[in-house]
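The values are calculated or read from the model by the stated rules, or taken from the named source; none is laboratory data. The structure displayed is predicted, hence computed values, not measured ones. Cβ atoms come from the backbone with ideal geometry, glycine included; neighbour counts cover every protein chain shown.
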Amino acid sequence: MQNSTHITLKRMIGVAGFLLVLLMAPTRSQAQTWLVSTDPYVKLGVLDKFGQLGSYTAKFIVTNQTTGKEYSLVKEVEKGQNGIDVIFPSLATEAEYFKTDSGEAAKASPGRYVWQCQVSGKKVVGGRFEMTAVTNDVTVVEKGK
């Protein structure tokens, strides 16, 4: 008798747990829900077109013309690779990223920027770009009734 009571109690606890899960389940949404993200960035690169240097060190320097802050990133280019591309701003979670001399990571702040790449302390390429303000729109799509 005690064994059947134990089984019945165990079954009741299982049913109660199932009902609790059903009651706590999320309600059906009335519309589709979306998340959105936008990350502006610029791809900068340098290339030893004929591979005459072999391996070299490329120092990318980006200056925010509004704040005057200078961000740099140093990359080693192996022999046979000839060139390299980098992304500005790079994530501060990466081993190497664009930062100021004090370690402040670059951000994609709207504004005008100038950049250059130095090899052996000399500017070999450069240019300018503009980061624009980014906005996002989310459209709510109602479910059909």
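Take segment 44-58 and flag every residue that is under 25 Å from the mean Cα position of the chain (by Cα) and either under 16 Å from LYS99 (Cα atoms) or at pLDDT below 90 (or both).
Listed by number, the residues that qualify are LEU44, ALA58.
Every residue in segment 111-126 that is exposed (fewer than 12 other Cβ atoms within 10 Å of the Cβ), without any contact (Cβ under 8 Å) to a residue 40 or more places away in the chain and of a type outside the set (D, E, K, R), please. Full working, then the answer.
So the first thing to find is which residues in segment 111-126 are exposed (fewer than 12 other Cβ atoms within 10 Å of the Cβ), and the list is 120-123.
Remaining after also requiring without any contact (Cβ under 8 Å) to a residue 40 or more places away in the chain: 121-123.
Residue satisfying the conditions is GLY121 alone.
Could you grab the pairs with beta carbons closer than 7 Å, sequence gap of 6+ or different chains, first residue in segment 37-62 and closer than 14 Å to GLU76 by Cα, second one of a type in the set (S, T, N, Q)?
LEU47/ASN82; ASP48/ASN82; LYS59/SER72; LYS59/GLN118; PHE60/SER72
Would you tally the residues in segment 96-123 being polar (S, T, N, Q), in a loop (DSSP other than H, G, I, E, B) and closer than 29 Å to LYS49 by Cα? If you could, list the steps in order and put the result at the bottom.
Quick first cut of segment 96-123, residues polar (S, T, N, Q) only: 100, 102, 109, 116, 118, 120.
Pick out the ones that are also in a loop (DSSP other than H, G, I, E, B) and you get 100, 102, 109, 120.
Next, from what is left, pick out any that are closer than 29 Å to LYS49 by Cα: 120.
Of the residues in that region, 1 qualify.
Inside segment 82-95, can you point out the residues that are outside any loop (DSSP other than H, G, I, E, B), crowded, with 17+ Cβ neighbours inside 10 Å and more than 19 Å from the chain's Cα centre (by Cα)? Show your work before the answer.
In the first step, residues of segment 82-95 are kept if they are outside any loop (DSSP other than H, G, I, E, B); the result is 83-88.
Then drop every residue that is not crowded, with 17+ Cβ neighbours inside 10 Å, which leaves 84, 86, 88.
ILE84 - this is the single residue of segment 82-95 that is outside any loop (DSSP other than H, G, I, E, B), crowded, with 17+ Cβ neighbours inside 10 Å and more than 19 Å from the chain's Cα centre (by Cα).
Picking from ILE84, ILE61, ILE7, which residue would you name as being out of contact with any Leu (no Cβ under 6 Å at 6 or more places or on another chain) and at pLDDT below 85? Explain how you work it out, then say what you get.
On the way: ILE84 fails: at pLDDT below 85; ILE61 fails: at pLDDT below 85.
Step by step, each of ILE84, ILE61, ILE7 is checked, and only ILE7 is out of contact with any Leu (no Cβ under 6 Å at 6 or more places or on another chain) and at pLDDT below 85.
Taking the residues in segment 64-81 that are among the acidic types (Asp, Glu) and in a strand (DSSP E or B) as candidates, determine which candidate is modelled with the highest pLDDT. Step through it out loud before you land on a result.
So the first thing to find is which residues in segment 64-81 are among the acidic types (Asp, Glu), and the list is 70, 76, 78.
Remaining after also requiring in a strand (DSSP E or B): 70, 76.
Numbers: GLU70: 98, GLU76: 94.
Applying the filter and picking the extreme gives GLU70.
Among (1) under 30 Å from VAL140 (Cβ atoms); (2) in a strand (DSSP E or B), which single condition is ALA58 missing?
In the conditions (1) under 30 Å from VAL140 (Cβ atoms); (2) in a strand (DSSP E or B), ALA58 misses (1) alone.
Based on what the data block shows, is GLU104 among the charged types (D, E, K, R), under 14 Å from ARG128 (Cα atoms) and surrounded by 12 or more Cβ atoms within 10 Å (Cβ to Cβ)?
Numbers: among the charged types (D, E, K, R): yes; under 14 Å from ARG128 (Cα atoms): no; surrounded by 12 or more Cβ atoms within 10 Å (Cβ to Cβ): yes.
Against the criterion (among the charged types (D, E, K, R), under 14 Å from ARG128 (Cα atoms) and surrounded by 12 or more Cβ atoms within 10 Å (Cβ to Cβ)), GLU104 does not qualify.
When you scan segment 49-65, how many residues do you find that are surrounded by fewer than 17 Cβ atoms within 10 Å (Cβ to Cβ), out of contact with any Lys or Arg (no Cβ under 7 Å at 6 or more places or on another chain) and either acidic (Asp, Glu) or farther than 18 Å from VAL124 by Cβ (or both)?
Here the count works out to 0.
Could you tell me whether VAL138 is exposed (fewer than 15 other Cβ atoms within 10 Å of the Cβ), touching an Asp or Glu at 6+ places or on another chain (Cβ under 9 Å) and assigned to a loop (DSSP other than H, G, I, E, B)? Walk me through it before giving the result.
On the way: exposed (fewer than 15 other Cβ atoms within 10 Å of the Cβ): yes; touching an Asp or Glu at 6+ places or on another chain (Cβ under 9 Å): no; assigned to a loop (DSSP other than H, G, I, E, B): yes.
No, not satisfied.
Could you list, ordered by first residue, the pairs with Cβ atoms under 6 Å in which the first is in segment 73-85 and over 22 Å from ALA106 (Cβ atoms) and the second is in a strand (DSSP E or B) and among the hydrophobic types (A, V, I, L, M, F, W, C), at least 6 apart or interchain?
Hits for this filter: ASN82/LEU47.
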